[in-house]
Structures are given as C-alpha cells and as structure tokens.
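Notes for the one structure printed next.
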Amino acid sequence: MLRFIAADLRRQWAGALAILLLVALATALGVVVTLQERALRLGSARAADAFDLVVGAPGSETQLVLSSVFLQAAPLPLLPGTVLAGLIADPRVTWAAPVGFGDFIEGYPIVGTTPVLVEGMGGLAQGRGFARLGEAVIGANVGMRLGDHFHPQHGRVGEPGGTHTEITYHVVGRLAPTGTPWDRAVLVPIETVWLAHHHDEADAAGAAATNPFLRNAHADAAHEGDAQEAEPLNDEAHSGETHGSETHGSETHGSETHGSETLEGEAGQPDALDAPIRADSLTDPHAPGVPAIVVKPRSIADAYKLRQAYRTDHTWAVFPGEVLTRLYGTLGDVRLVLSLVASGAQALVGAAILLVVTIHVVQRRRQIGALRALGAPRLAIFAIVWGEVALIAAGGLAAGFALGYGGALALSSAFSTASGVSLPVAFVPGDLARLAGLVLAAAIVASLPAVLAYRQSPAAALRG
Amino acid sequence: MPPDTPRSDAPRSGAPRFLRLRAVEQRFPGLDMPALAIAALDIAAGEQVAVMGPSGSGKTTLINLLTGLERVGQGSLIWGDTDLATLSEGARDRWRAANVGLVMQDFHLFPGLSALENVLLPQRLARLVLPAGAQAEAGRLLARVGIERQGQAIETMSRGQMQRVAVARALAVRPAIIVADEPTASLDADSGAAVAQLLLELAGESGATLLVATHDAALVARLPRVLRLESGRLKD
Ligand SMILES: Nc1ncnc2c1ncn2[C@@H]1O[C@H](COP(=O)(O)OP(=O)(O)O)[C@@H](O)[C@H]1O
Ligand SMILES: [Mg+2]
C-alpha cells in the first residue's frame, strides 16, 4: 500500500509538490506572525526588564520608555537637576543613573550617564568603565574597538548635522551583551554631554560670555529661532539645561565649560577632556536637568513606593514593563487582525486544497473502482486516498513550520541589527499543540475525499 | 498458499454444480425493461463459458453481479455455498478478493508500478503482509504469460503485454473463478489471440471456472459452452 502511495505521488509529483508548497506557505505565514509577535513581546519585555523604574518629567509615558529603554530619540521634557540628587540619596534606591541623549557616532546613539549604569547594565565584557570626561564605554554590538577615538556627530544618521571635532572620545570599555538596544549605545559621562551642548550653543550664539550658563540662555533663544538643524531632542535638552543653569550657575560647571571653550579655541588639544569625572557634579542640586533617570530600587516594595513618591507635578515615575504591557494592550487589535489574516489565508488554502483533492478523487474514480474490483477492501481505498492527502498536508505543515521559523529568525536578526533589540524567536509548548491541532485538522479534512472514494460504487465507477 | 490446499468456500472440482443463479433481475433507473433478467443459470466447477451478445445486451451487468461488484437486488446467486445476495459490500469485496480473478477490457494496471508490483498489488491491498510464496508465484505467472522484464514499468509496455500482465494478476491468488469482460476488445487480432490462448490455458491448468464476456467470434469459437444474451435475457 505504501508502495502504491509512493508510486502514485511520484507520478503526480508536480501537483503534489504544488499543493505541499501552498500548505507550507500558508502555514509559514501564520508561524511567522505568531513567532514574530511573540519575539517582539519577549524581546521588548526583556529590554524593559533592564530597568525597573524610570523617572522623567510628566508627559508621555510611552515616549519616556521608548527613549530610555529603546533609545528611540523623542522630544522629552527635562527633569529638574535636583531630582537625580534626590534619587541617589534615597535609601530605597540601590542605584540611579541619568540618561541624557547626546549625539550619534556612525548611527550609534551616544548616551550620557554615570558609571553606576555601566554596572547596572550587567557590567563590562572588556576594558574598564569611563573615569574621565573624554572616555566612552561601548555597547556589545557597537562596531568600534577599545582604544578607538571618535568625534560625536550631531543628529541622527541621514540627517544633516556637523561633527563636534572639538570633542574626542576614547573607547575604554565594552559592555557585556544585554540583548537590548543598549547593545548599540555608546555610554559617555553625562557631564561631557552637557559640555558638548553648552559648547554647541556657544557656537550658535557666536558669543563669548564669561558665564556659560547665562550665555547658553541666549544661545538657546537663537537656536530655537532656526530649529531646522538640530533634532528636537537636543532642543529640549538645551532648554532644560538653560533652565537649570540660569537659576543656579555653579562653579563646577562653569570651569568645565571653560575647558571646552578652550578646546574650541585650540582644536586638537585634548587636555580639557582629560579631567576625571566627578560624582559630586551629579549630586550637586544645581546640576543641569536630564530627560530621564533609570532607577534600581532596593526591593519590589520600594519600587512601588518610589513610583508613588515620584508621581508629582514635576516628575513622573513609570515601570517600563507596565507601560509596555499597556502599549501591547492597545496593539492587541493589530495582533488580532494579523492573526485573522493569517488564519484566513490558511483556511482559504485549506479549502482550495480540499477542492483540488476532491476533483482529483472524482477524476480517479475509474482507477479507484478498478482497485475495488481487483479485491482492494474499501478500507484500503480510504487509507490510500487519506494517506496521500494527509502526507502532503503534513509535509506542507512541517515545511511551513520550518519555513516560518527560518523566516522569523531572519526577520528577527534583521530587526536586531537595525534596532539592537534582540528578538528571541522561540517555540512554546502551545505551538506544538497548534501543530498537532493543524495536523489533526488536516487528517480530518483528508478523510472527506477518502470517504468520497470509500463510498463510491466500483461497478458504476468502472462504467466511467 | 500451498497450491494443493482445497478452498473451503470454493470447491475447485468434484462439485457438479458450482454456480446456481435463480430468478435474477437487475433494473436501472430510467430503463423500463430490466437490464438483466435470467430465470436460471447453472455452471459446473472448471467449466469454460463464453457470454456473447451485442453491445448493451447486459454482459457487463451479468458479470458485475457474478463478481459481487453489484448487489443482487432480486433473486439468488450462489457460488459454491456462498449466496452473494446475502453478503454485505465488504463481505463481497473479501469474497471477490479470495475467489475471483478479473480481467477487464481497459487492463486497469497502475502506472508507476512495475509488472511484478502490479501483479502483487491486489494482494498487497487486501492484506498487510504478502503471503509466503506470493512473490515467486507472481514471477512464475509473469514468465508463463511471456513477460520477461518483470521490473519494467507498466506504462512502457505494449497493450498486448499489458493485458498479459493483467491475466497474470487475475491468476495470482489461484482463484476458483476467472472472469474476463471483453479481454480482447482493445487489442489487435494477434495480441487478442495470444491473450485468449493464455486465458484458456491458464484456467485449464489451474482448474478454475472461466467466464468470458465477449463479442469476439474467434474467442467464442474456442470456448466449449456459449451463453447468448439479448436484451438482458438468455437465448437458447
Ligand atoms: N448504471 C446504469 N444505469 C442505467 N443504465 C445502465 C447502467 N448500467 C448499464 N445500464 C444499461 O443496461 C444495459 C446493459 O448494459 P451492459 O451490461 O453494460 O451491456 P454490455 O456489457 O453487454 O454492453 C444497457 O442498456 C445499459 O445502457
Ligand atoms: Mg460491457
């Protein structure tokens, strides 16, 4: 019987292959949608897990999370400088680090932060953390090497922007892989980011004032006038810094800014950034503002308390995981539509195949009648037709799962390369159940033409 | 199956009467007259019988009833001690598989399989495991009908060769009854004569009862008993 099925399929290999491919493609479509949706959910949840609590200024929670967790630049309002100092001093906090968005280098975002974040992200794989203003730690997937030097670039890839030739970073360490967009980030001291932007504004204003912070206020005004060049994020950052500095210009920042001023005058002299970073510049209540602060609470209870405490008029605390969950909730309809489209395609393919197979059985009624006349039991006829259809369908399903898995892997790796979020493509036990369900459905569907063949009268079939 | 084991349900010889058919009538919807109406027909075991008649006279209808392909609606049709009228479709399938070798006008061989595989196919489909000796018997029969390349794909054979393979297939289970419906109608004269010769010889060798429906006069002339059908009725 198996030999007969094999011979039959061999003889009709083109048709069988076409149907198999159809089943495979329809299955693959569904598998890719399922796997990719799951990968996106898992991948982003993992990225969000890197930070328990994020504090920003009141505004869009989604943007706050997208910016701090996914490093997608968005115009964020700034937090007052005192907030970071308050969090660092808070006994409920293990560590808290600012996330300041600076420039880019070859498409990698430069993030201004503090050494505690380097540890908080899982530590270093290579080299050491930044200890001086001109030092940088790169994410696991950043295409640079330890020892490299680079100038930060304004704006994002593809956008017009200049290069801060006056600032040179020196790569001193590489983070261990985290599977998050931070694998594509370049971490530098937040003070240097502040510096770069004061300096920037000084350029824009074309003025030389003794108090850099006051001067920045003018610069900012001028800057806002022709906002076409810099990206919005930077604009926001400028106004925030200006806000902080206008009211509380400090000696520390003044001197640092002077350092970069010097740089501007004597390009190529790296000495100004050769200063050590200083923890007290952050705890200084007059420190410039930052768009976001990531916080590691001591306990879950502390996390809830902190979130409560930092939901004020000036600050807003969120659990990134929760925001993402809510975001997925609103995306639920899209998911539903996608899975409906996939199921619809599968149902259509299933129906088309049933039609083809039924027509095929009707066309073969003489052959089937002859088999019966020669003594084949009806059950054998049923088994042959059912076996052939089920074999093609099961082969198609298996190929479809393989194809879908491969497709999802390819999509994920493309997405990871572009965004840094690693999307874990994984089957769960439920998928096995789904495959079993589909095979079962195929088995049931295959029995339709088989019953048709089974019930056919051999005498009538032989008469043609 | 050892060649000498007698069949309990199909005595090969000795029984003076093998087939007993009484008052059988077969009607088809849309026809006023019955397609077949036979009051009585008896055939002895080992007899060789021609069923003659013009096209549409009911030859195939009779054969379908005799082989259990069609249910006997009215009357009785008893082979040995098996009354086909009382058997279910599945039981008739089993009875046919064990007792009837069938040769049809259109060969009904299966492309993609070799000559040998075609001969063995009915047995493979009827049971899960080939009986011991089936392969050797199939080889012997193929050699007997003059097919030398037994592994040759069936679709590459000539029509005469194909019908000879079909004859070998019909004999493979050593059936008590061999039924051929127009076995020579789609062959040229020489191939037809060769197939007719083989059918007669092999039926004689195995002692099987042979029934041949045909309007091939040359074939009819070689059979000792001739039944004439006209409009579904036997003529004497
Ligand atoms: N399934 C059927 N439905 C209606 N009429 C049928 C059917 N099968 C056979 N017939 C009719 O029965 C008669 C006998 O047919 P058949 O036995 O095939 O004749 P033969 O084999 O001698 O040519 C014909 O008139 C044919 O048209
Ligand atoms: Mg006929």
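Among the numbered conditions (1) within 16 Å of the chain's Cα centre (by Cα); (2) more than 15 Å from A:Trp182 (Cβ to Cβ), tell me where A:Ala89 comes up short. Going through (1) within 16 Å of the chain's Cα centre (by Cα); (2) more than 15 Å from A:Trp182 (Cβ to Cβ) one by one, A:Ala89 breaks only (1). If only one of B:Gly30, B:Gly14 is within 14 Å of chain A (Cβ to nearest Cβ) and either within 16 Å of ligand 1 (Cβ to nearest atom) or modelled with pLDDT under 90 (or both), which one is it? Within the list B:Gly30, B:Gly14, the selection yields B:Gly30. Of all residues assigned to the stretch B:101-117, at least one qualifies as being without any contact (Cβ under 8 Å) to a residue 40 or more places away in the chain and either more than 16 Å from ligand 1 (Cβ to nearest atom) or under 17 Å from the mean Cα position of the chain (by Cα) (or both). In the stretch B:42-59, of all residues being near ligand 1 (Cβ under 8 Å from one of its atoms) and away from chain A (no Cβ under 14 Å), the one that is farthest from B:Arg17 (Cα to Cα) corresponds to B:Pro54. For B:Leu109, the conditions (1) aliphatic (A, V, I, L, M); (2) within 10 Å of chain A (Cβ to nearest Cβ); (3) closer than 20 Å to B:Glu205 by Cβ are fulfilled apart from (3). For B:Pro122, the conditions (1) over 20 Å from the mean Cα position of the chain (by Cα); (2) at pLDDT below 95 all hold with the exception of (1).
Tallying residues that are within 23 Å of B:Asp42 (Cβ to Cβ), within 16 Å of ligand 1 (Cβ to nearest atom) and buried (at least 18 other Cβ atoms within 10 Å of the Cβ) within the stretch B:174-228 yields 9.
Restricting attention to the stretch A:417-439, which residues are among the hydrophobic types (A, V, I, L, M, F, W, C), more than 16 Å from A:Arg38 (Cα to Cα) and surrounded by 20 or more Cβ atoms within 10 Å (Cβ to Cβ)? Correct list: A:Leu438 only. Scanning the stretch B:184-226 for residues that are in contact with an Asp or Glu (Cβ under 9 Å, 6 or more places away or on another chain), of a type in the set (A, V, I, L, M, F, W, C) and within 16 Å of ligand 2 (Cβ to nearest atom) turns up B:Ala185, B:Leu211, B:Val212, B:Ala213.
Looking at the stretch B:175-184, is at least one residue more than 28 Å from B:Leu19 (Cβ to Cβ) and of a type in the set (A, V, I, L, M, F, W, C)? Within the stretch B:175-184 (the criterion being more than 28 Å from B:Leu19 (Cβ to Cβ) and of a type in the set (A, V, I, L, M, F, W, C)), the answer is no, since none of the residues qualifies. Only one entry in A:Ala399, A:Ala414, A:Ala442, A:Ala393 is under 39 Å from the mean Cα position of the chain (by Cα), away from chain B (no Cβ under 14 Å) and surrounded by fewer than 17 Cβ atoms within 10 Å (Cβ to Cβ), namely A:Ala414.
Among the candidates B:Arg96, B:Arg92, B:Arg127, B:Arg149, the residue that is more than 16 Å from ligand 1 (Cβ to nearest atom), without any contact (Cβ under 8 Å) to a residue 60 or more places away in the chain and more than 24 Å from A:Ala461 (Cβ to Cβ) is uniquely B:Arg149. Evaluate the following for A:Arg366: is it within 30 Å of A:Ile392 (Cα to Cα), surrounded by fewer than 19 Cβ atoms within 10 Å (Cβ to Cβ) and at pLDDT below 80? The answer is no for A:Arg366. In the stretch B:63-76, the residues that are touching a residue at least 60 places away in the same chain (Cβ under 8 Å) form Cβ pairs under 8 Å with partners that are within 11 Å of ligand 1 (Cβ to nearest atom), at six or more places apart or across chains, as follows: B:Ile63/B:Val51; B:Ile63/B:Asp181; B:Ile63/B:Ala213. Taking the stretch B:51-88 as the range and being part of a strand (DSSP E or B) and either surrounded by 22 or more Cβ atoms within 10 Å (Cβ to Cβ) or not acidic (Asp, Glu) (or both) as the test, the residues that pass are B:Val51, B:Met52, B:Gln74, B:Gly75, B:Ser76, B:Leu77, B:Ile78, B:Trp79, B:Thr82.
Go over the candidates B:Ala91, B:Ala138, B:Ala143 one by one and state the one that is more than 13 Å from chain A (Cβ to nearest Cβ), in a helix (DSSP H, G or I) and surrounded by fewer than 23 Cβ atoms within 10 Å (Cβ to Cβ).
B:Ala143
Within the stretch A:369-385, can you find the residues that are away from chain B (no Cβ under 11 Å) and surrounded by 23 or more Cβ atoms within 10 Å (Cβ to Cβ)? Working first, answer last.
From the stretch A:369-385, those away from chain B (no Cβ under 11 Å) are A:382, A:385; that's our starting set.
Within the stretch A:369-385, just A:Val385 meets the criteria.
Does B:Ala153 fit the bill of being buried (at least 22 other Cβ atoms within 10 Å of the Cβ) and at the interface with chain A (Cβ under 10 Å from one of its Cβ atoms)? Show your work before the answer.
Numbers: buried (at least 22 other Cβ atoms within 10 Å of the Cβ): no; at the interface with chain A (Cβ under 10 Å from one of its Cβ atoms): yes.
No.
Against the definition (surrounded by fewer than 17 Cβ atoms within 10 Å (Cβ to Cβ), out of contact with any strand residue (DSSP E or B) (no Cβ under 6 Å at 6 or more places or on another chain), without any contact (Cβ under 8 Å) to a residue 24 or more places away in the chain and not in a strand (DSSP E or B)), how does A:Ala45 come out, yes or no? Against the criterion (surrounded by fewer than 17 Cβ atoms within 10 Å (Cβ to Cβ), out of contact with any strand residue (DSSP E or B) (no Cβ under 6 Å at 6 or more places or on another chain), without any contact (Cβ under 8 Å) to a residue 24 or more places away in the chain and not in a strand (DSSP E or B)), A:Ala45 does not qualify. Could you tell me whether the stretch B:123-132 includes any residue that is outside any helix (DSSP H, G or I) and at the interface with another protein chain (Cβ under 7 Å from one of its Cβ atoms)? Within the stretch B:123-132, not a single residue is outside any helix (DSSP H, G or I) and at the interface with another protein chain (Cβ under 7 Å from one of its Cβ atoms). Scanning the stretch A:54-107 for residues that are among the hydrophobic types (A, V, I, L, M, F, W, C) and either free of Cβ contacts under 8 Å to residues at least 12 places away in the same chain or assigned to a helix (DSSP H, G or I) (or both) yields A:Leu64, A:Val65, A:Leu66, A:Val83, A:Leu84, A:Ala85, A:Leu87, A:Ile88, A:Ala89.
Check the stretch B:67-84 and report whether any residue there is hydroxyl-bearing (Ser, Thr, Tyr) and away from ligand 2 (no atom under 16 Å from the Cβ). Yes - at least one qualifying residue is present in the stretch B:67-84.
Within this structure, B:Ala203 fails the test of being among the small types (Gly, Ala, Ser) and under 19 Å from A:Ile368 (Cα atoms). When you look at A:Arg463, is it within 30 Å of B:Ser55 (Cβ to Cβ), within 14 Å of chain B (Cβ to nearest Cβ), surrounded by fewer than 19 Cβ atoms within 10 Å (Cβ to Cβ) and modelled with pLDDT of 85 or more, yes or no? Criteria not met by A:Arg463.
Of all the residues in the stretch B:20-50, those that are under 14 Å from B:Gly73 (Cβ atoms), touching a residue at least 40 places away in the same chain (Cβ under 8 Å) and either part of a loop (DSSP other than H, G, I, E, B) or more than 14 Å from ligand 2 (Cβ to nearest atom) (or both) number 10. For the stretch B:52-66, the candidate set comprises residues that are near ligand 2 (Cβ under 10 Å from one of its atoms) and within 18 Å of the chain's Cα centre (by Cα); within that set, the residue that is farthest from A:Pro458 (Cα to Cα) is B:Gly53.
The values are calculated or read from the model by the stated rules, or taken from the named source; none is laboratory data. Model, not experiment: these values are computed from the prediction. FYI the Cβ positions are ideal-geometry reconstructions off the backbone, even for glycines, and counts take in every protein chain you see.
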